[in-house]
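Novice: Just passing along the structure, written as structure tokens.
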């Protein structure tokens with residue numbers, strides 16, 4: 001069986017027109033994330049991390065190059081197919097939040113994007129993920145009532161509740177302390193191991209990329225490989241555990 005990356009960017013270019021001037025954001029960017037792996041892209045603000053994440057979701061189209069999810073090239077999919085892919089196989093955690101809904105309804109909304117779940121199933125999944133992340137007590141709270149760390153937990157909850165193949169994390173621990181960055185990595189490692197999903201996080205500093213299997217540096221439109229340890233793949237570890 002061919003080991004297909006859950007996410008692959010191959011020679012991707014992306015730019016935008018700003019004030020009548022074309023500004024290149026990403027140039028010839030390539031990377032791979034595999035199931036059961038936590039990988040990180042490190043870069044300062046304005047370096048293109050969020051653009052890279054949005055390209056991985058299919059919400060943005062590459063100007064050149066290709067973006068593939070589980071072997072499917074996004075450029076060849078219709079808008080409807082992209083929406084279904086995003087609703088079922090990709091989880092996205094940002095710091096956007098939603099203050100119009102309480103935590104329970106915000107997490108459930110992630111499941112309501114597809115009609116694959118009954119109301120009872122949605123309720124069970126929301127209850128289970130809030131309990132797993134130890135935020136059941138926040139179910140009736142709104143965004144403004146949450147601490148910064150609780151907001152991170154809620155964002156992970158709404159992203160992972162659909163059991164995606166790929167989890168994309170956009171700078172959710174920016175400005176937080178070391179203990180919170182370690183706790184976020186603990187959660188992502190757990191998702192990779194227990195759910196066999198691939199995780200790609202965009203972070204502002206190397207401390208937040210602790211223990212990642214692969215780390216790239218994004219600077220001035222270019223992506224440079226800084227660290228790679230192919231042995232850190234939690235899917236393989238889970239398979240070994242199950243064989244014992």
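Novice: Looking at (1) outside the structural domain of residue 31 (by TED's automatic domain parsing); (2) under 21 Å from the mean Cα position of the chain (by Cα); (3) modelled with pLDDT under 95, find the lone condition where residue 79 falls short.
Specialist: Residue 79 satisfies all of (1) outside the structural domain of residue 31 (by TED's automatic domain parsing); (2) under 21 Å from the mean Cα position of the chain (by Cα); (3) modelled with pLDDT under 95 except (1).
Novice: Tell me which residues, restricted to the stretch 46-60, are farther than 18 Å from residue 164 by Cβ and buried (at least 17 other Cβ atoms within 10 Å of the Cβ). Before you say what the answer is, go through the steps one by one.
Specialist: The initial filter retains those residues of the stretch 46-60 that are farther than 18 Å from residue 164 by Cβ, namely 46-51, 60.
Matches in the stretch 46-60: 47, 48, 49, 50, 51, 60.
Novice: Which residues, taken from the stretch 1-34, are buried (at least 23 other Cβ atoms within 10 Å of the Cβ) and assigned to a loop (DSSP other than H, G, I, E, B)?
Specialist: 6
Novice: Select from the stretch 61-82 the residues that are without any contact (Cβ under 8 Å) to a residue 12 or more places away in the chain and part of a helix (DSSP H, G or I) and write down the one among them that is surrounded by the most Cβ atoms within 10 Å (Cβ to Cβ). Spell out how you get there, then give the answer.
Specialist: In the first step, residues of the stretch 61-82 are kept if they are without any contact (Cβ under 8 Å) to a residue 12 or more places away in the chain; the result is 73, 76, 78-81.
Still in the list and also part of a helix (DSSP H, G or I): 76, 79-81.
Values: 76: 9, 79: 8, 80: 8, 81: 13.
This residue is 81.
Novice: Looking only at the stretch 87-102, decide whether some residue is touching a helix residue (DSSP H, G or I) at 6+ places or on another chain (Cβ under 8 Å), in a helix (DSSP H, G or I), at negative phi and modelled with pLDDT under 95.
Specialist: Checked against the condition, which is being touching a helix residue (DSSP H, G or I) at 6+ places or on another chain (Cβ under 8 Å), in a helix (DSSP H, G or I), at negative phi and modelled with pLDDT under 95, the stretch 87-102 yields no hits at all.
Novice: For the stretch 144-160, what are the residues that are under 13 Å from the mean Cα position of the chain (by Cα) and free of Cβ contacts under 8 Å to residues at least 60 places away in the same chain?
Specialist: Residues satisfying the conditions are 152, 157.
One line per residue, one yes/no per condition, for (1) surrounded by fewer than 18 Cβ atoms within 10 Å (Cβ to Cβ); (2) under 13 Å from residue 106 (Cα atoms); (3) modelled with pLDDT of 95 or more; (4) in the same structural domain as residue 59 (by TED's automatic domain parsing):
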site	(1), (2), (3), (4)
143	yes, yes, no, no
148	yes, no, no, no
153	no, yes, yes, no
157	no, yes, yes, no
176	yes, no, no, yes
182	yes, no, no, yes
195	no, no, no, yes
200	no, no, yes, yes
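Novice: Sticking with this structure for a sec: Output the residues belonging to the stretch 172-185 that are more than 29 Å from residue 124 (Cα to Cα) and touching a strand residue (DSSP E or B) at 6+ places or on another chain (Cβ under 8 Å).
Specialist: Residue satisfying the conditions is 174 alone.
The values are calculated or read from the model by the stated rules, or taken from the named source; none is laboratory data. Just so it is clear, the model here is predicted, and its values are computed rather than measured. Note that each Cβ is placed from the backbone with ideal geometry, even for glycine, and that neighbours are counted across all protein chains shown.
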